[in-house]
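Colleague: Questions regarding the structure given below will be posed in turn.
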Amino acid sequence: MPDDWAAVAKAMDRRLTELGMRQRDLAERAHVSQAIVRELQRNTAQRRRSARTLEALSVALGWHPRHLNAVLTGQQPPDPGAPVPMPADAIAGRLAAIESHLQSIEERLIEVQSRLDSTIPEKDG
């Protein structure tokens, strides 16, 4: 069965209306560009999208992460509360990204603390 981008557009449009959400709101929640949301909702560019993009949009719309992919492929969308199986390598990759971000935050905090320490005069005591 070919991909049904018109069904994706219809589902997104209906859900945005239900939620009273604008394209810009959805783009911000899903961390994708507003142009991508516009293209999908209006069905103006039928090209392959990453699974992550469709997952992010599904979640931002309050659906199961695989909802829009199911709509695209003509399958029944999963229940929003259904478990999301993830391959071990995807979990390891996400954990590595989180670890990297935490390390960056820690380094920035140390730098801020160092600057603060250098601007506070020592008290005699």
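Any read-out appearing in this document is the output of simple, stated calculations on the displayed coordinates, not a laboratory observation. The shown structure was predicted, so the numbers you read here are calculated from the model rather than taken from an experiment. A quick note on method: Cβ atoms are made from the backbone with ideal geometry, for glycine too, and the neighbour counts reach across all protein chains shown.
Colleague: By the scheme Lys and Arg +1, Asp and Glu -1, what is the net charge of all other residues having a beta-carbon under 15 Å from that of Gln46?
Modeller: +3
Colleague: Follow-up question, since we're still on this one. Quick check: the angle from helix 5-19's long axis to the longest principal axis of the chain, C-alpha only, nearest 10 degrees?
Modeller: Tilt of helix 5-19: around 60 degrees.
Colleague: Also: Where does the charge balance sit around His31 when Lys and Arg score +1, Asp and Glu -1, over other residues with C-beta under 15 Å from its C-beta?
Modeller: +2
Colleague: Let me ask you something else. Run lengths n ≥ 4 of DSSP H only: what is the helix-derived mean residue ellipticity at 222 nm for the chain, with -39500 (n - 2.57) per run over all residues, to the nearest 500?
Modeller: The helix-only estimate for the chain comes to -20500 deg cm²/dmol at 222 nm.
Colleague: Continuing with the same structure: Nearest 10 degrees is fine. How inclined is helix 51-60 to the longest principal axis of the chain, computing both from alpha carbons?
Modeller: On a 0 to 90 degree scale, this one is about 80.
Colleague: Something else: Springs between alpha-carbon pairs under 10 angstrom, Gaussian network model over the chain: which of Ser50, Ser100, Ser58 fluctuates most?
Modeller: Taking springs between Cα atoms under 10 Å, the residue moving most is Ser100.
Colleague: Quick one: grab the alpha carbon gyration tensor of the chain, order the square roots of its eigenvalues as a ≥ b ≥ c, and give me rounded if a/c is under 1.5, else prolate or oblate depending on whether a/b is larger than b/c.
Modeller: Prolate.
Colleague: Find, among the trypsin sites (Lys or Arg not before Pro) in the stretch 1-88, those assigned to loop by DSSP (not H, G, I, E, B) with at most 15 other beta-carbon atoms within 10 angstrom.
Modeller: When the trypsin sites (Lys or Arg not before Pro) of the stretch 1-88 are filtered for loop state and at most 15 Cβ neighbours within 10 Å, Arg22, Arg47, Arg48 remain.
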